[in-house]
Amino acid sequence: MMLIPCPHCGPRAQSEFTYGGDATVKQPAPDAPMEEWFAYVYLRDNPKGLHDELWLHSAGCRTWFKVRRDTRTHDILASARMDQSL
Amino acid sequence: MKYSIFSLARNALSGHARWPQAWRSPAPKPAYEAVIVGGGGHGLATAYYLAKVHGMRNVAVLEKGYLGGGNTGRNTTIVRSNYHLDPNAHMYELSLKLWEGLSQELNFNVMYSARGVLNLVHSPAEMDAAMRRGNAMRLNGIDAEFLSRDEIARRIPNLDCSRDARFPIHGGLLQPRGGTVRHDAVAWGYARAADALGVDIIQQCEVVGIRLSGGAVAGVETTQGFIATERLALAVAGHSSQLAAMAGVRLPIESHALQAMVSDPVKPVLDTVVTSGAVHFYISQSDKGELVMGGDLDFCNSFAQRGNLPIVEHVTAACLTLFPSFGRLKLLRTWGGICDMTMDGSPIVAKLPVQGLYMTGGWCYGGFKATPASGWLTAHTIAHDAPHDLNAGLTLERFAQGRMIDEKGAGPYAWMH
C-alpha cells in the first residue's frame, strides 16, 4: 500500500486516490500543428525512474495535485499543489 | 534428440542422468542477419518462425536475464480469442489455432488444455454486449456459445448463481476452445526448437543502445559488446518504450503493473476458466491444484514487477463474492508483471519508422495468449520487410491516423483498457 502525501490533507492510504497520468504533458495551442496535438494525446515518455504524475484525492478533499514517484520502487519523493512546481 | 515415449523409457533406465541439454549457450557472433531483443515467448517464437517458415537461421535472440523470466513466466496462462474487433479477432484466432498444434509442432508438451473460457454477465446490458461480441466472433468463424444461468450453475457448482448474490449471474459467454497453456513450457519449447534450427540464444546479454547508420539500423550495443545487424526486432513488452527510445522512437505506451496470485493447492474444484468483467476478476485452477487469480491493473505507471495491496484485496474479495466456498483457502503467493499498455488497448506488431526496426509489443493484458501469432506475424514482417494481412492494422501509425482498435471504447488513457 502506498502512502500518498496529499498537499492539503497529509499522508493518506493509496485507496483514497485516483490516478491521472503523466503531469508533464501540456495541452498545445488550439492552432498548433496536428503533430503536437497527436503527441499531447498519445505519446508518453514512460520513464523507468522518476515520474511526475497527477493524482486526485477522490475519497478526500477531491483536489487534483502532483506527485513525483519512482516507477522502479514506488517510492514517493515529493508532492505539490497544481499551482506549485515539484 | 526427439522427445518421445522411447526416449523417456531409455533415459528412465539410465536414471535420467543422460538427457542432453535442450539448447546451447553460445557466445554472440559479431553479426547476424536478424537480431531479436527479448528471450520471452514472443522473441523465441519470432526466432523459431523466422528459421522454420522463412529459412532465416543466422539469427540471435538476446535476453538480459534468463529465458521466460519476464512476463512469459508471470501471466495467468489463459489463452482465448474472444475479441470483437476484426484485427484483434483474426490475430488472436491465428494464435489459438497455433496453440492447438503447438506441442506436436515443437515436440515439447506445452500442456494446452481446452477447458473453456467463460465470461460471466451480471446485467441485461452486459448480456446484450456479450451476445453482440459472441455473434461477431461466430461471424468471424470463432467458437462462441451463450450459456444460461442454469447451465452455468450445473457446470460450475461452486459458483454462487443464487438470485440474491451481490452480482447476480444472468448468463455467460463461453469460448470452448479457450483454456490454459503451461507458460514456462512455451518459452522452453520455442527455445529448444529455435536452437535446433541454428538460432543463437544468448542470455545475460542486455541491449544498452541501438546503433543507427544513415537512418537505418546497423546493430546493437550490448553488455557483451557490439553485434551488427540490419534487422532488429523488439520483443520486450513492458520495456518497449525504453528500447524504442534508443532508436529515437516515442511510443503511445505506458508501463503498468498487473498482479496475479495463487491459493494453496487443492484437489480439482474448477475445470474451466471463469472471468467477470463486472467485478474485474478471473480464475482458473492450475494442474498443481492452485487457484490462479487476477484482476485489474494497479492503475499507476510501474516497472517494479510487484503490486500494491488494494488490488490483492479487491481480487480476493471478488473471488469470495463469486465462489464463497474458496474462503477457506489461503493465499500462497502474489506477484506482478509489467505490461505495455497502449493508448487503445491493442498491440503494435509492425515496422517502426526506422529502416530495419520492428516491434511486437503494446500487448496490454493479451500478450501470453498471443505468443504464437506474435512470433509468426513478427517473423513474417521481418522476412518480407512488410506486415502480413493479419497484422496490417496493428501499426504504430494507426494512432495518428485515427484508426484505433479500442475494444472497450475507453479512449487514450493507457491504464483504462
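Throughout, read-outs are computed from the coordinates displayed, never taken from laboratory work. Remember, predicted model here, so these are calculated numbers, not experimental data. Using ideal geometry, Cβ is built from the backbone for each residue, glycine included, and neighbour counts are taken over all protein chains shown.
Summed over all non-identical Cα pairs, the Kirkwood treatment of region B:48-195 gives a radius of 17.5 Å. B:Q305 label point, 7 Å along Cα→Cβ, cut-off 19 Å on backbone N: hits in region B:211-225? The answer is B:223-224. Across region B:72-83, computed HN-Hα scalar couplings (Karplus, 6.51 cos²θ - 1.76 cosθ + 1.60, θ = phi - 60°) run 4, x, 10, 7, 9, 6, 7, 10, 6, 9, 8, 9 Hz from first to last residue, x flagging Gly and Pro. In chain A, excluding the sites themselves, the longest stretch lacking any of the trypsin sites (Lys or Arg not before Pro) that are in a DSSP loop with at most 14 other Cβ atoms within 10 Å is A:27-61.
Applied to region A:6-18, the Karplus parametrisation 6.51 cos²θ - 1.76 cosθ + 1.60 on θ = phi - 60° returns per-residue 3J(HN,Hα) values of 5, x, 9, 10, x, x, 9, 5, 3, 5, 7, 10, 10 Hz, with x for Gly and Pro.
Across all directions, the average projected area of the convex hull around the alpha carbons of region A:3-81 is 5.7 nm².
Inter-label distance, B:L197 to B:V266: 4.3 nm, where each label sits 7 Å from its Cα along the C-beta direction.
Note on chain B: percent of Cα-Cα distances in each 10 Å bin, starting at 0 and stopping at the bin with the largest distance, equals 5, 22, 32, 25, 13, 4, 0. Near A:A78, the amide H atoms lying under 5 Å from its own belong to A:R68; only residues 5 or more places off or on other chains count, and H is placed 1.01 Å from N. Remark on the protein assembly as shown: A:C61, B:C161, B:C205, B:C300, B:C319, B:C339, B:C364 stand apart, with no other cysteine beta carbon under 4.7 Å. Counting only Cα atoms, the size of region B:65-111 along its three principal axes is 35, 25, 15 Å, in decreasing order. Over 12 Å, how big is the tail of the calculated P(r) for region B:147-194, in percent of all Cα pairs? For region B:147-194, the fraction of Cα-Cα distances above 12 Å is 71 percent. For the peptide A:43-54, the mean number of other protein chain Cβ atoms found within 10 angstrom of a residue's Cβ is 6. Of the GluC sites (Glu not before Pro) found in region B:310-417, those that fall in a DSSP loop while having at most 15 other beta-carbon atoms within 10 Å are B:E397. The H on the amide N of B:G209, modeled in the peptide plane, is under 5 Å from the matching H of B:E221, each at least 5 residues off or on a different chain. Over all distinct Cα-Cα pairs of the protein assembly as shown, the Kirkwood formula returns a hydrodynamic radius of 23.9 Å. Residue-wise HN-Hα couplings along region B:165-179, as the Karplus relation 6.51 cos²θ - 1.76 cosθ + 1.60 with θ = phi - 60° gives them from phi, are 5, 4, 10, x, 8, 8, x, x, 9, 10, 10, x, 7, x, x Hz; Gly and Pro carry x. Taken as Cα centroids, region B:153-198 and region A:31-82 sit 35 Å apart, rounded to the nearest whole angstrom. Using a Gaussian network model of chain B in which every pair of alpha carbons under 10 angstrom is joined by a spring, one finds that among B:S302, B:S25, B:S241 the greatest mean-square fluctuation is at B:S25. The mean number of partner chain beta-carbon atoms within 10 angstrom of a residue's beta-carbon across peptide B:336-345 is 1. Inter-label distance, B:V208 to B:Q104: 4.7 nm, where each label sits 7 Å from its Cα along the C-beta direction. In a DSSP loop and with at most 15 other Cβ atoms within 10 Å, the trypsin sites (Lys or Arg not before Pro) in region B:206-286 are B:R250.
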